[in-house]
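The values are calculated or read from the model by the stated rules, or taken from the named source; none is laboratory data. Just so you know, these numbers come straight off a predicted model, no measurement behind them. All Cβ positions, even for glycine, are placed from backbone atoms using ideal geometry, and neighbour counts span all protein chains on display. The protein model used for the area step is the full one, side chains on, heavy atoms only, and it has no ligands, DNA or RNA in it. Shrake-Rupley method; radii C 1.70, N 1.55, O 1.52, S 1.80 Å.
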Amino acid sequence: MTLEQIAIKHKTQKVPHGYMPIYERHFESMRDEKIILIEIGVAEGASVRTWADYFSKGKIIGLEKYGDNVVNFDYDGQGNVLVIECDVSSEREIDRVGIKERFPQVDIIIDDGSHWAYEQLNAFKFLWDNLKPGGWYVIED
């Protein structure tokens, strides 16, 4: 399946925005690797499910500001999704949950969180050092 087909299956809002062909063009070479992807903003989990399917050998970390959206994932038994309640615009929160220590070498970071510029800037400042050289940092919307 293509990334877009997987995204349609999981009903992610990234499809109407036209992101999936762009993501696939850049991420396809990593599809079968043991990557670590962090996505900021989980909502109902459609996007992290999409990434878990696409990067089946990878580890998908969802960072969600609102506890009501933090769910326990055992996605089809794969266990490759972990969702953590964390406000990434706060360095104190990032330190509290140990993001820097637990995930020091991340391949892809996608910020699909609040879409507020100051929160995106803070998340970028606090997470940039966790990105592997040559990794991808994407800010949506």
Worksheet item: So which of Tyr66, Tyr137 ends up being closer than 25 Å to His26 by Cβ and of a type outside the set (Lys, Arg)?
Response: Tyr137
Discussion item. Suppose we filter region 41-65 for residues that are assigned to a loop (DSSP other than H, G, I, E, B), farther than 23 Å from Glu119 by Cα and touching a helix residue (DSSP H, G or I) at 6+ places or on another chain (Cβ under 9 Å); how many remain?
Written reply: 2
Worksheet, complete the sentence: Within region 17-54, of all residues that are at pLDDT below 95, open to solvent by 70 Å² or more (accessible area, probe 1.4 Å) and under 21 Å from Gly79 (Cβ atoms), the one nearest to the chain's Cα centre (by Cα) is Arg49
Worksheet item: Looking at (1) closer than 21 Å to Thr12 by Cα; (2) in a loop (DSSP other than H, G, I, E, B), can you tell me which one Asp87 breaks?
Response: (1)
Worksheet item: Considering region 17-40 alone, what residues qualify as being assigned to a helix (DSSP H, G or I) and not hydroxyl-bearing (Ser, Thr, Tyr)?
Response: Met20, Pro21, Ile22, Glu24, Arg25, His26, Phe27, Glu28, Met30
Item to complete: Sort out which residues of region 95-132 are part of a helix (DSSP H, G or I), closer than 29 Å to Ser29 by Cβ and either open to solvent by less than 50 Å² (accessible area, probe 1.4 Å) or touching a Gly at 6+ places or on another chain (Cβ under 8 Å) (or both), and write them in order of number.
Response: Ile99, Gln120, Ala123, Phe126, Leu127, Asn130
Worksheet, complete the sentence: The one condition Lys14 fails out of (1) open to solvent by 70 Å² or more (accessible area, probe 1.4 Å); (2) assigned to a loop (DSSP other than H, G, I, E, B); (3) in contact (Cβ under 8 Å) with a residue 12 or more places away in the chain is (1)
